[in-house]
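The values are calculated or read from the model by the stated rules, or taken from the named source; none is laboratory data. Because the structure is a prediction, the values reported are computed rather than measured. No Cβ is skipped: glycine too gets one built from the backbone with ideal geometry, and neighbour counts run over all protein chains shown. We work out accessible area using only protein heavy atoms, side chains counted, and drop any ligands, DNA or RNA first. Shrake-Rupley method; radii C 1.70, N 1.55, O 1.52, S 1.80 Å.
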Amino acid sequence: GRAVRSRLDRLGMVTGSVAAKGQGIQVVVDDAPNATTDKQKVLDQDLQKLVNALWQVGAEAVSVNGQRVTNLTAIREGGSAITVNFVSMNRPYTVSAIGNKNQMAAKLLDTEGGRTWLTLRASFGLKFDVTSEDSMTLPAAHPFALRYARQPERLR
């Protein structure tokens, strides 16, 4: 029973159905001061690259401004705002990742997403600050409802 419970707990954290607790890193990103062009502003694709980089360096759970990121999460622009899970975000954007804080912090800048953010900071003045956290809690994702499903032809 303990093995099954342990597996369910792990799957719950990975899928986002339960809150995640542990050490990790927080990355705070924001527009350049007095930003006037899109190159000086955080775009949805910039956040997507950052989140993907965190998964790449071993994140076990990720959230953006408190919205848990799962395999069903959309990070998009909606009007003049960035939305995560269809919830409008306010800047600055805090991207939190649970996992080995030392490994993630050390490897983040070696990813394409990390290098992109270094370029955005150096070239356009965007804010990009990474801090390690000994303990943090990421909320569970909002439950979703299965609207329809059908069995694939080959399994019928």
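Things to note:
- Members of segment 1-24 found to be within 14 Å of ALA140 (Cβ to Cβ) and touching a strand residue (DSSP E or B) at 6+ places or on another chain (Cβ under 8 Å), listed by number: MET13, VAL14, GLY16, ALA19, ALA20, LYS21
- Boolean, PHE128 is within 17 Å of the chain's Cα centre (by Cα), of a type in the set (Phe, Trp, Tyr) and at positive phi: no
- Selection count, segment 30-53, where residues are among the aliphatic types (A, V, I, L, M) and in contact with a helix residue (DSSP H, G or I) (Cβ under 7 Å, 6 or more places away or on another chain): 3
- Looking across segment 1-23 at every residue that is closer than 15 Å to VAL69 by Cα and in contact with a helix residue (DSSP H, G or I) (Cβ under 7 Å, 6 or more places away or on another chain), the one that is surrounded by the most Cβ atoms within 10 Å (Cβ to Cβ) is identified as ALA20.
- Strands (runs of 3 or more DSSP E) fully within segment 46-156 that include at least 3 residues being open to solvent by 30 Å² or more (accessible area, probe 1.4 Å), in contact (Cβ under 8 Å) with a residue 24 or more places away in the chain and within 14 Å of VAL28 (Cβ to Cβ): 127-138.
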